[in-house]
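Read-outs: derived from the displayed coordinates by stated rules, not from any lab. Remember, predicted model here, so these are calculated numbers, not experimental data. Ideal geometry is used to build each Cβ from the backbone, glycine not excepted, and the neighbour counts take in all protein chains shown.
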Amino acid sequence: MEFKDTQAIYVQIADYICEQVLLSKWQTEERLPSVRELAVLLEVNPNTVMRTCELLQQQEIIYNKRGIGYFISADAVKKIKQYKKEAFITNELPSFFRSMYLLDLDLDELKPHFEKFKKSNFN
Amino acid sequence: MINIQSLSFSYRKNKPLFDNLQLRLEAGHIYGLLGKNGAGKSTLLKQMAGLLYPDKGTCEVMGYAAAKRQPAFLREIFLVPEEFYLPRVSITRYVNTYAPFYPNFDQGAFFSYLKEFDIPRDHMLTEMSYGQKKKVLISFALATNTKVLIMDEPTNGLDIPSKSQFRKVIAAAVSEDKCIVISTHQVRDLDNLIDSIVIINDHKIIFREDVQTVTDKLSFKTVSRIEESTGVLFADSNLRGHTIITRNTGQEHSKIDMELLFNAILTNHQPIQEIFN
């Protein structure tokens, strides 16, 4: 995994795990690789992976079975979308809105662009 | 785990290297010891391993005075020095000779590390390249399972693929009861492994913080126009723009840039230290 310079590593690992779930590479109710396994795989400090697990547990994307490990929640997909939505609104939307404001763009003007984008990418 | 109190040390009279140096390191962490050339990184590591003695003050490791080199202390500490000598014997002979000094030595782990590092088992140690010898020594160090593991510039001399292998074996070696201390100039090789930063400068430890605390208090970012940022503590300009450190005022955590932090602390120590106090 290539890490970017912009975000804390533990957040990037959380995104990586969320992506695996959204892409159905890891199934709900499946056990997550152990903290140590993930640390070795990603070449990071196990304490960093612990922090990722705390974050994902807080968001109810994974849960802890004492003595066995972390499992992916039954409604993880829903929770991930909720968590990513919040992140999108706080992190990415402000600069997007700033550009819109500077260019005098209206939300309605963007609608056809969005429809076109959805059609060409996800149909 | 490691407790250094009021340590003073000099190689030559009237030229103190350490003056009243204090440092405490705990188990369960990987410490990155950073400092300029000649700041005393290797000397400090040798003090921890009992290879040099304090002129004044104490250096206690696991409750033992390191300088006394008691067997119970020596079997729980391993130092991988930057410059080392390996005898003209085979790997098997080396292990059979040295492993008995370490009661928790794991032979299976040793050979699996060698395999990970792609080292042929049947060679004489003296017939190997510097990088290969270093990998043998690192594999041996990890296999001893000592409570304290000290490595002086471990990634020096390692080729590109083995840096990644090195990170994997270190990530696997960390545990709650182990203290790993690594001195390095190549911070980018190890910046996702190190979880606490120790900076030595001007005869003293001038900075010692968890990476988590650092990113709680400071933000690291790249901006195109430095004028638009407020409260810049340190800036470094390059082609992509300016990489800057500011106080972290939000809830978000950025990725730590250890090189930038190191340069910042050496040039603008006081205002940054105040944020941590």
Any GluC sites (Glu not before Pro) in region B:68-142 that lie in a DSSP loop and have at most 15 other Cβ atoms within 10 Å would be B:GLU82, B:GLU83
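For region B:2-202, what does the relative contact order come out to in percent, with C-alpha contacts under 8 Å and a separation of six or more? Present the calculation step by step, with values, prior to reporting the outcome.
Working: 349 pairs, mean separation 62.2, N = 201.
Relative contact order for region B:2-202 comes out at 31 percent.
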With region B:2-202 reduced to its Cα atoms and the Debye formula applied, log10 I(q)/I(0) at q = 0.07, 0.11 1/Å amounts to -0.20, -0.50
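Which of A:LYS81/A:LYS118; A:LYS4/B:LYS46; B:LYS163/B:LYS217 have a Cα-Cα distance over 24 Å? Working shown, then result.
Working: A:LYS81/A:LYS118 18 Å; A:LYS4/B:LYS46 36 Å; B:LYS163/B:LYS217 30 Å.
Cα-Cα > 24 Å for A:LYS4/B:LYS46; B:LYS163/B:LYS217; rest within.
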In degrees rounded to 10, the 0-90 angle between helix B:107-116 Cα long axis and the longest Cα principal axis of chain B is 60 degrees
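Let a ≥ b ≥ c be the square roots of the eigenvalues of the Cα gyration tensor of region B:120-227; is it rounded (a/c under 1.5), or, if not, prolate (a/b larger than b/c) or oblate? Before the final figure, lay out each step's value.
Details: a/c = 2.24, a/b = 1.75, b/c = 1.28.
Prolate, because a/c is 1.5 or more and a/b exceeds b/c.
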Rounded to two decimals, the Debye log10 I(q)/I(0) of chain A (Cα scatterers, no solvent) at q = 0.14, 0.19 Å⁻¹ is -0.73, -1.07
Net charge near B:PRO100 (other residues with Cβ under 14 Å of its Cβ; Lys, Arg +1; Asp, Glu -1) is +1
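Enter the per residue convex hull volume of region B:221-267, computed from alpha-carbon coordinates, in Å³ rounded to the nearest integer. Walk me through the numbers on the way to the answer.
Details: hull volume 3.9 nm³, N = 47.
Per residue, the Cα convex hull of region B:221-267 comes to 83 Å³.
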Per-residue Cβ contact counts at 10 Å, fewest first, order B:SER10, B:SER164, B:SER224 as B:SER224, B:SER164, B:SER10
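Peptide B:191-199: average number of partner chain Cβ atoms within 10 Å per residue? If you can, show how the numbers build up before the last one.
Numbers: counts 4, 10, 7, 1, 6, 2, 0, 0, 0.
For peptide B:191-199, the averaged partner shielding equals 3.
Nearest 500 deg cm²/dmol is fine: what mean residue ellipticity at 222 nm does chain B get from its DSSP H runs of n ≥ 4 alone, each adding -39,500 (n - 2.57), divided by its residue count? It would help to have the intermediate numbers written out before the result.
Values: 10 runs with 88 residues, N = 277.
After summing the helix terms and dividing by residue count, I get -9000 deg cm²/dmol.
So for region A:9-76, considering every pair of alpha-carbon atoms, how many percent are separated by more than 19 Å? Don't skip to the end; give the middle numbers.
Values: 475 of 2278 pairs.
Tail of P(r) above 19 Å: 21 percent of Cα pairs.
Report the extension gain between B:GLN5 and B:ARG247 in nm, rounded to one decimal, defined as 0.36 nm multiplied by the number of residues separating them, less their alpha carbon distance. Write out the running numbers ahead of the final one.
On the way: separation 242, 0.36 × 242 = 87.12 nm, distance 3.12 nm.
Difference between extended and current length: 84.0 nm.
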Restricted to chain B, the DSSP antiparallel beta bridge percent, nearest 5, is 65 percent
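Can you give the alpha-carbon Rg of the protein assembly as shown over 2.2 N^0.38 Å, where N counts its residues? Walk me through the numbers before you get to the answer.
Numbers: Rg = 24.4 Å, N = 400, 2.2 N^0.38 = 21.4 Å.
In units of the 2.2 N^0.38 Å rule of thumb, it is 1.14.
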To the nearest 0.05, the calculated FRET efficiency linking A:GLU115 and A:ASP15 through their beta-carbon distance, R0 being 35 Å, is 0.80
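Which net charge results when you count Lys and Arg as +1 and Asp and Glu as -1 among the other residues whose beta-carbon is under 13 Å from that of B:GLY50? Let's see the in-between values first.
Working: positive: B:LYS46, B:LYS68, B:ARG69, B:ARG75; negative: B:GLU60, B:GLU76.
Summing Lys and Arg as +1 and Asp and Glu as -1 gives +2.
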Per the Kirkwood formula over distinct C-alpha pairs, the hydrodynamic radius of region B:1-80 in angstrom is 13.0 Å
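So, counting K/R as plus one and D/E as minus one, what does the shell of residues with Cβ under 9 Å around B:LYS217 add up to? Intermediate values should be presented prior to the final figure.
Working: positive: B:ARG247; negative: B:GLU209, B:ASP216.
So the surrounding residues net to -1.
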Across B:LYS178, B:LYS13, B:LYS36, the residue with the highest GNM fluctuation in chain B (Cα network, 10 Å cutoff) is B:LYS13
Diffing region B:221-236: the Karplus 3J(HN,Hα) column from phi (6.51, -1.76, 1.60, θ = phi - 60°), in whole Hz with x for Gly and Pro, holds 8, 10, 10, 8, 10, 5, 5, 7, 9, 10, x, 6, 8, 7, 9, 9
